[in-house]
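Worksheet for the structure shown next.
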Amino acid sequence: MTHPVDKYLEETGQRRADLARLVGCSKGHLSNVLNGEKRCSLALALAISSQTGVSPQDLHDAYLPRKDAA
């Protein structure tokens, strides 16, 4: 299953590094968030939503962090 942000990136020909630059975080942090390894702050969720059109609720549902995430 393709996650909504990855689907957006694929459709627009962008990479996670491009999105990270647009939302003001490192590529590594964004990847950790999108892989469910780190929690996403509200500010970052809103920035991702603003850039991609993926709702904060869809981000939450698609990228629930693993229980052991910091």
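The values are calculated or read from the model by the stated rules, or taken from the named source; none is laboratory data. Keep in mind that what you see is a predicted model, and the values were worked out from it rather than measured. The accessibility values were calculated without ligands, DNA or RNA, using every heavy atom of the protein model including side chains. Shrake-Rupley method; radii C 1.70, N 1.55, O 1.52, S 1.80 Å.
Rolling a 1.4 Å probe over the protein heavy atoms of the chain, with every protein chain left in place, gives an accessible area that is 51 percent carbon and sulfur. Using a cutoff of 8 angstrom between alpha carbon atoms and counting only pairs six or more residues apart, the relative contact order for the chain works out to 36 percent.
Taking θ as phi - 60° and the Karplus parameters 6.51, -1.76 and 1.60, the scalar couplings of segment 9-21 work out to 4, 5, 5, 9, x, 9, 10, 4, 4, 5, 5, 4, 4 Hz in sequence order, x denoting glycine and proline. Panel note: the C-alpha atoms of the chain, placed on their principal axes, show extents of 32, 24, 18 Å (largest first). In order along segment 45-53, the phi-based Karplus estimate (6.51 cos²θ - 1.76 cosθ + 1.60, θ = phi - 60°) of 3J(HN,Hα) comes to 4, 5, 5, 4, 4, 4, 7, 10, x Hz; Gly and Pro are listed as x. Length available on full extension from Ala17 to Asp61: 0.36 nm per residue minus the Cα-Cα distance, which gives 13.6 nm.
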